[in-house]
1. Would you check if Leu88 is of a type in the set (A, V, I, L, M), free of Cβ contacts under 8 Å to residues at least 24 places away in the same chain, assigned to a loop (DSSP other than H, G, I, E, B) and out of contact with any helix residue (DSSP H, G or I) (no Cβ under 6 Å at 6 or more places or on another chain)?
2. Restrict the check to the stretch 112-135 and report whether at least one residue is assigned to a strand (DSSP E or B), polar (S, T, N, Q), farther than 16 Å from Asp55 by Cα and at pLDDT 90 or above.
3. Give me a count of the residues in the stretch 124-148 that are over 26 Å from the mean Cα position of the chain (by Cα) and either closer than 29 Å to Ser67 by Cα or not charged (D, E, K, R) (or both).
4. Could you please give the count of residues in the stretch 53-73 that are part of a strand (DSSP E or B) and touching a residue at least 12 places away in the same chain (Cβ under 8 Å)?
5. Name the one entry in Thr56, Thr139, Thr104 that is exposed (fewer than 13 other Cβ atoms within 10 Å of the Cβ) and of a type in the set (S, T, N, Q).
6. Evaluate the stretch 83-100: report whether one residue or more is of a type outside the set (Lys, Arg), modelled with pLDDT of 90 or more, surrounded by 13 or more Cβ atoms within 10 Å (Cβ to Cβ) and closer than 14 Å to Pro46 by Cα.
7. Quick test of your reading of the structure: Asp69 fulfils all but one of (1) in contact with a strand residue (DSSP E or B) (Cβ under 8 Å, 6 or more places away or on another chain); (2) farther than 30 Å from Thr139 by Cα; (3) modelled with pLDDT of 90 or more; (4) exposed (fewer than 13 other Cβ atoms within 10 Å of the Cβ). Name the failing condition by number.
Amino acid sequence: MFTRMSDIDRMFGAMDLLRNKMDSIFDGYNRSYLYGPAFTLTSNSPRTNLLENGDTFEVQAEVPGISKDDLNIKIQGNYLEISGKRSLDIPDGYKVHRNERGTTTFFRSFTLRDDIDSEKVEAALKDGILYLTLPKSETAKPRQITIN
């Protein structure tokens, strides 16, 4: 039961190759979109948190450099759609020497567990983060039924 060192080295080499392949697969999983070209996640989508607090859903989406006029939010039933664009504003008479931010568009959609009361939705944009408060519709809220 003697094993040559070259066999052990070959086995560890195969394990290193597998580890490197797995690292390359998951390398971009938690990457900030400031890495590489600006605002690039795998699908140009902003990082988003979706939270539920009893009768409301809360959404927090990172949209740096995008003004509120360039954001679009649509709600239909339990479907939420967030889209936007960032354009490059170069003042007249200026010459571009470096352009890392550039223009981009994004589209993000979510199907929520419950319908949303679109009349009561609140949206705010602060420090590059879009905050949405999405109250559930009355039909989606649980009701206590009394027995006669």
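1. Spelling it out, Leu88 is indeed of a type in the set (A, V, I, L, M), free of Cβ contacts under 8 Å to residues at least 24 places away in the same chain, assigned to a loop (DSSP other than H, G, I, E, B) and out of contact with any helix residue (DSSP H, G or I) (no Cβ under 6 Å at 6 or more places or on another chain).
2. There is no residue in the stretch 112-135 that is assigned to a strand (DSSP E or B), polar (S, T, N, Q), farther than 16 Å from Asp55 by Cα and at pLDDT 90 or above.
3. Going through the stretch 124-148 one residue at a time, the tally reaches 7.
4. Result for the stretch 53-73: 10.
5. Only one candidate passes the filter, namely Thr139.
6. For the stretch 83-100, residues of a type outside the set (Lys, Arg), modelled with pLDDT of 90 or more, surrounded by 13 or more Cβ atoms within 10 Å (Cβ to Cβ) and closer than 14 Å to Pro46 by Cα: present.
7. Exception for Asp69: condition (1).
The values are calculated or read from the model by the stated rules, or taken from the named source; none is laboratory data. Values in this document were obtained by computation on a predicted structure and should not be read as measured data. So basically every Cβ, Gly included, is an ideal-geometry build from the backbone, and we count neighbours across all protein chains shown.
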